[in-house]
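Notes follow once the structure below has been shown.
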Amino acid sequence: MSEPEKVTDVDVVIHVDMTKFNILAKLRADRALRNAVHAAIKAEHVMATLSKMDVESSSKSSKEINPPALAESLLAWLAPKSTAENLLGDLQELFESHANQYGVSRARRFYWIQMSRAIGPGICRALTKWGFVGAVVEYGRRKLGL
Amino acid sequence: MADNLKQTEQIVMLAIMRKHPNAYGVSIFEELSERAGIEPALATIYATLEKLEQKGFVKSRRGPPTSERGGKAKLFFEITGHGQRALNASLNAIDRLRGGTTKDVEVLT
């Protein structure tokens, strides 16, 4: 009958060390897992913020990619009736094309120049013929059909 | 003499010919800008087209509305037979005037 194995202090130390190692390893693994979870939460938060910024910038840019409202209104009021609708449609199309190609500010500048070339000569003729007050009165008279 | 075309009318009609059957305000403007290197006002183009239509040289038809134009329809133009004859006569007159001159007109000193 063999003698039972004597548990030496070394064995205990090794056993304790192994246990300690396992505990440490487990702790490290837990910590790594916790860090990974925190990193994932942080990444998700960052993605949510980025997508929110993306939506805001696209809505902001979609607001900017519109013809200048004042120029549009002036053209609608003052351009000859026979051509106003065609002019507005063409300028809208050219504005979008120029905005994509050259940028919004250049597209807006082009729109203003075209608008002033469309209504400028008519305004000058009216002012020359009737003066400022006369031109306003004549415009109102024509609009009201009097 | 009533069929004489002004220079603006000539170039607009030539642009319509090049862009047929897709000749409308924007395409005529872009054709003049790219080929002739001029950027007339769109209002000038439409005023010219209106005069040409009154003379019977072009005719127009309304296309379907499109979203890129804010829901507004395109107005397409094409040259009539009468317009083609007037354009040919006008361009032939210019060719006759140019005949015998050097290719690049020299500056008279």
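Values in this text are rule-based calculations from the coordinates and carry no lab data. Small disclaimer: the values here were computed from a predicted structure and weren't measured. Backbone-built Cβ (ideal geometry, glycine too); neighbour counts: all protein chains shown.
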In nm, the gap between the two label points placed 7 Å beyond Cα toward Cβ at B:ALA89 and B:ARG61 is 2.7
Out of B:THR44, B:THR80, B:THR66, a Gaussian network model of chain B with alpha-carbon springs under 10 Å gives the largest mean-square fluctuation to B:THR66
Label model pair B:GLU53, A:ALA40: point-to-point distance (7 angstrom along the Cα→beta-carbon line) in nm is 6.6
In the structure shown, of B:LYS51/B:LYS74; A:LYS81/B:LYS19; B:LYS19/B:LYS51; A:LYS143/B:LYS74, the pairs separated by more than 21 angstrom at the C-alpha atoms are A:LYS81/B:LYS19; A:LYS143/B:LYS74
Both in Å, the radius of gyration and Dmax of the C-alpha trace of chain B are 15.9, 56
In the neighbourhood of B:THR80 defined by beta carbon distances under 11 Å, the net charge of the other residues (Lys, Arg +1; Asp, Glu -1) is +1
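So, counting K/R as plus one and D/E as minus one, what does the shell of residues with Cβ under 15 Å around B:TYR24 add up to?
Neighbour charge sum, excluding B:TYR24 itself: -1.
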